[in-house]
Amino acid sequence: MNIATRSARVLTLLATMLLIGCKAAPAPSAGFADPKALTRDPKIPFDKFWRDPDTNWKSFRQIFIAEVNTSYMLKISNWQEGERQGHFKQDVANLADYTQKAIIKAFQDDPNHRFKVADSPSHDRHELIFEMALVQVVPSKIILNILDYAPFYAGDAITAVRYLFCDQSTVAFELRVRDAATGKIIMLAADREAQRFAPVDLRQLSWYSDAKEIIDQWSKEFVEVIDKKPDEKIKAQPAFRLLPW
């Protein structure tokens, strides 16, 4: 083991002890989901949640996943200036497409096969309409600043430095679920999460790379939440994962 590798691992170990403070705070409301209806539900792994108590959820058998809304995302800020500003809209569109496909895949891969994924919306009384908005994507400052120099850095060393400075990418969503037959909103949710640390893959590095892991986890949680029994508690995922040395 060379000195650089040993140093990176020591830094990571020290940083793990400091990680307790690295928790994403709830995002301010963007307005996609009615904030007046949303509350904290300890049985749900999201910051805020609401479900219509009068809806018979057992009657739904299929779900349509709408295109992900990105119009609520925060206005361009300093980190988007320069060369990245010209690519920002396309990057966001790519991330929205990734999100929709990840949610569809999560429902299709559900071992319980609770919902059939519809190809288009309908007014079927057994169908749910799933509408999601990405309202914030904030990249890691360290990752952002090294994008042009990534080949000169070791992935594990980058991870260690990010640990020490509590430097995390964060993503926030707001969600509406409708009864397809009536158009009535019967579920709302909102959450902001920070990336679960792992070694940086320099080959896949981009400002929104971390967001994909968060979105993948949300997608699995969406399936659990929508299929949730009244007294069932959906466990939140840990804020970090151990590095596979």
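The values are calculated or read from the model by the stated rules, or taken from the named source; none is laboratory data. Note that this is a predicted model, so its numbers are computed, not measured. Reconstructed Cβ throughout: ideal geometry from the backbone, glycine too, with neighbour counts over all protein chains shown.
Any residue in region 92-103 that is closer than 9 Å to Glu67 by Cα sitting within a Cβ distance under 7 Å of a residue that is surrounded by fewer than 19 Cβ atoms within 10 Å (Cβ to Cβ) and among the polar types (S, T, N, Q)? List the pairs, counting only those 6 or more apart or interchain.
Every condition considered, the pairs that remain are Ala96/Thr70.
Quick grid of which residues meet (1) modelled with pLDDT under 90; (2) in a loop (DSSP other than H, G, I, E, B); (3) within 16 Å of Phe222 (Cα to Cα):
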| residue | (1), (2), (3) |
| --- | --- |
| Ile20 | yes, no, no |
| Ala25 | yes, yes, no |
| Ala33 | no, yes, yes |
| Pro42 | no, yes, yes |
| Pro45 | no, yes, yes |
| Phe49 | no, no, yes |
| Thr55 | no, yes, no |
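Looking at the structure I just gave you, is Ser59 over 16 Å from the mean Cα position of the chain (by Cα), at pLDDT 90 or above and farther than 20 Å from Ala189 by Cα?
Spelling it out, Ser59 is indeed over 16 Å from the mean Cα position of the chain (by Cα), at pLDDT 90 or above and farther than 20 Å from Ala189 by Cα.
Inside region 95-111, can you point out the residues that are more than 13 Å from Ile215 (Cα to Cα) and surrounded by 12 or more Cβ atoms within 10 Å (Cβ to Cβ)?
First pass over region 95-111, keeping only residues more than 13 Å from Ile215 (Cα to Cα): 107-111.
Passing the criteria: Phe107, Gln108, Asp110.
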